[in-house]
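What follows is one structure encoded as structure tokens, with my remarks underneath.
The values are calculated or read from the model by the stated rules, or taken from the named source; none is laboratory data. Note that this is a predicted model, so its numbers are computed, not measured. Positions of Cβ are generated from backbone atoms using ideal geometry, with glycine treated the same way; all protein chains shown enter the neighbour counts. Ligands, DNA and RNA are stripped out before the accessible areas are found, and what is left, the full protein with its side chains, is counted by its heavy atoms. Shrake-Rupley method; radii C 1.70, N 1.55, O 1.52, S 1.80 Å.
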Amino acid sequence: MVLALLPELHRRRAGIVNNGFTKLALETVTAPQTVIDWLQSLQLSREVLWHAIGLIIVLNALLFGLTNIVAPPVEDLPLLFTSPLLFGTLTGTGFLLTVYAVFFIGRGFGGGGSLETVMVSLVWLQGLRLMVQVGLSLVMLISPTLSALLAFGASLLGCWILVNFINRFHGFDNIFTALIVMVVVGLVVVLGLVGLLSVIGPENLGVSTYV
């Protein structure tokens with residue numbers, strides 16, 4: 001999605017888009033409401049957004065597989081932690097659950113964001129997250145500890161950005177309502193993934209059923 005949006009950045013010559021991708025990435029942290037307005041102005045169709053979501057899922061799985069090749073696990077881990085296909089399935093399911101949970105739960109709390117706005121916002125955030133993961137993978141080759149610390153910090157920052165995005169596109173004007181929505185969304189996604197794992201079965205994941 002990030003790569004797909006780059007031509008749009010150069011095509012539009014006014015407002016925020018004219019300031020370039022780097023500033024947009026920074027303003028995602030410092031001025032999320034401005035980025036939301038820009039994303040909405042793109043008016044991307046639902047079909048394009050679904051394709052972007054598919055691309056993000058595939059790229060995440062490829063990066064996961066490449067990371068395991070470049071820096072193989074030091075121990076024999078269950079299939080859950082080594083299979084790009086299984087990783088892509090889980091992250092893809094989690095992403096889809098997040099999209100619909102943010103939309104419907106936000107609406108349940110009185111929000112007014114459209115599904116397209118939710119989709120384009122989460123795709124943008126996932127695209128930035130993917131770029132951060134590429135950087136973290138490079139850092140991991142030098143210092144796994146530093147990479148883990150940076151990953152933790154990036155996760156916290158990502159949660160903060162998501163809360164601000166939810167607050168903006170659902171029109172809450174109340175950061176605490178957006179925070180509650182995010183927490184409920186997180187619970188729904190976790191329960192959904194646990195359900196998926198139970199269907200797959202621990203024996204198919206290389207995880208022992210004995211404790």
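General remarks:
- Any hit, region 6-28, residues being modelled with pLDDT of 85 or more and either small (G, A, S) or in contact with a His (Cβ under 8 Å, 6 or more places away or on another chain) (or both): no
- A Cβ distance below 8 Å, combined with a sequence gap of six or more or placement on separate chains, defines the contacts here; from region 141-156, residues that are touching a residue at least 60 places away in the same chain (Cβ under 8 Å) reach residues that are part of a helix (DSSP H, G or I) and open to solvent by less than 100 Å² (accessible area, probe 1.4 Å) in the pairs L141/V70.
- Looking across region 120-140 at every residue that is among the small types (G, A, S) and touching a residue at least 40 places away in the same chain (Cβ under 8 Å), the one that is most open to solvent (accessible area, probe 1.4 Å) is identified as S137.
- Checked against (1) touching a residue at least 40 places away in the same chain (Cβ under 8 Å); (2) in a loop (DSSP other than H, G, I, E, B); (3) touching a helix residue (DSSP H, G or I) at 6+ places or on another chain (Cβ under 9 Å), D173 passes all but condition (1).
- Of all residue pairs spaced 6 or more apart or on separate chains, those with beta-carbon atoms under 7 Å, a first member in region 50-63 that is more than 15 Å from L85 (Cβ to Cβ) and a second member that is in a helix (DSSP H, G or I) and open to solvent by 30 Å² or more (accessible area, probe 1.4 Å) are A52/A4; I56/Q126.
- Any hit, region 63-72, residues being closer than 24 Å to T34 by Cβ and open to solvent by 80 Å² or more (accessible area, probe 1.4 Å): no
- Breaking point among (1) outside any helix (DSSP H, G or I); (2) open to solvent by less than 20 Å² (accessible area, probe 1.4 Å); (3) over 19 Å from W38 (Cβ atoms), for G110: (2)
- Set V163, V189, V183: member being surrounded by fewer than 17 Cβ atoms within 10 Å (Cβ to Cβ) and under 19 Å from the mean Cα position of the chain (by Cα): V183
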